[in-house]
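Structure first, commentary second.
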Amino acid sequence: MMPLILSGKVHKYTLMDASDAAKEEVSKMSDEVKTKIEFKKASLLEKLPFENDSFDVVLHHQVIQHNTAPHGPDRFINIRPYLAEFHRVLKPGGMLAVHTRTHAQLEADWCIKDMESSVYAHKLQYPDQHELDALLTEEAFKDISAFVDKTPREGYFDYDKCFTVEYRNANPSWALTDPADLDFFLVGMEPVLADVTCRSMFEESVREDLQEFGQTTLTLAWNRITKSARIMKGPA
């Protein structure tokens, strides 16, 4: 987000969040950049408080998995309405950028892959790439493309932190793991990280998975048609 704002190509940036706490982030960003930044308190589960054709770009960064209904008959019942809202508030020719993780990336993550309950829970929360593509197509987005990012998240290689409760509490992903699975994982990790050779082999496998599958995926979709054309045509 910040690299885009600092690029000098953004004249106005609107941060939307359901919590007032995001106001502090806006205040900090405003002190660092010349771009006009405003905060709008709103929920994705309601009609967005913006006029039609308001934005050139909509950024949806690592949020979609928090709005799925993983145990319901339709996992994406909450997603479809706000994707339609994104389409509405985008100008014709505008771009939606969705930053998320594919199922292959989840299965390759070192702190998920060896815990069956964690893999299962994460895959229910995250739409896989073909599911996201289908959701975007339903809402008349066009020219959908995906770009894999192999840059590891901050602290990704700090394996020893997984033994601390503070570290696990800071990442909600750990809460998706069955306690028995977690205990078994931690017991198995301890000798691996304690032995220099085993740790080196583990590190090598983690980096190989990262290069093969990537850490995250950025999906771009475009609003190529006018709103009136969409009303006449219906979902693509």
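Brief remarks on what is shown
- Per-residue surface analysis assigns F50 an accessible area of about 40 Å², computed on protein heavy atoms at 1.4 Å probe radius.
- Vicinal HN-Hα couplings computed from phi for segment 143-160 (Karplus, 6.51 cos²θ - 1.76 cosθ + 1.60; Hz; Gly/Pro x): 6, 7, 9, 10, 10, 7, 10, 9, 6, x, 5, 4, x, 4, 9, 8, 4, 5
- Over all projection directions, the Cα-based convex hull of segment 74-117 averages an area of 4.6 nm².
- The accessible-area ordering, largest first, of the residues T137, T14 stands as T137, T14, per a 1.4 angstrom probe.
- Contact order relative to length of the chain, as percent, for alpha carbon pairs under 8 angstrom and 6 or more apart: 23
- Once you divide the Cα radius of gyration of segment 107-236 by 2.2 N^0.38 Å, the number left is 1.39.
- Hydrodynamic analysis of the chain uses the Kirkwood radius over alpha carbon pairs. Inserted into Stokes-Einstein at 20 °C and 1.002 mPa s, it gives a translational diffusion coefficient of 108 µm²/s.
- Two-site FRET efficiency, K161 against S54, from Cβ-Cβ distance with R₀ of 45 Å, rounded to 0.05: 0.60
- For the set K23/K47; K40/K161; K12/K91; K23/K123; K23/K113, the pairs lying more than 26 angstrom apart at their alpha carbons are K40/K161; K23/K123; K23/K113.
- Order of exposure, largest accessible area first, which applies to E131, E204, E24 with probe 1.4 Å: E24, E204, E131
- Span from the segment 70-115 Cα centroid across to the segment 121-159 one, whole angstrom: 6
- Ordered by solvent-accessible area of protein heavy atoms (1.4 Å probe), largest first, the residues D74, D56 come out as D56, D74.
- Computed with a 1.4 Å probe on the full set of protein chains, the accessible area for M115 sits at about 0 Å².
- Accessible area of the chain belonging to carbon and sulfur atoms, whole % at 1.4 Å probe: 56
- Rounded to the nearest 500, the helix-only mean residue ellipticity at 222 nm of the chain stands at -12500 deg cm²/dmol, with each DSSP H run of n ≥ 4 adding -39,500 (n - 2.57).
The values are calculated or read from the model by the stated rules, or taken from the named source; none is laboratory data. All of these numbers come straight from a predicted model, not from anything done at the bench. We place every Cβ from the backbone using ideal geometry, glycine too, and count neighbours over all the protein chains shown. Just the protein is used for accessible areas: all its heavy atoms, side chains included, with ligands, DNA and RNA removed. Shrake-Rupley method; radii C 1.70, N 1.55, O 1.52, S 1.80 Å.
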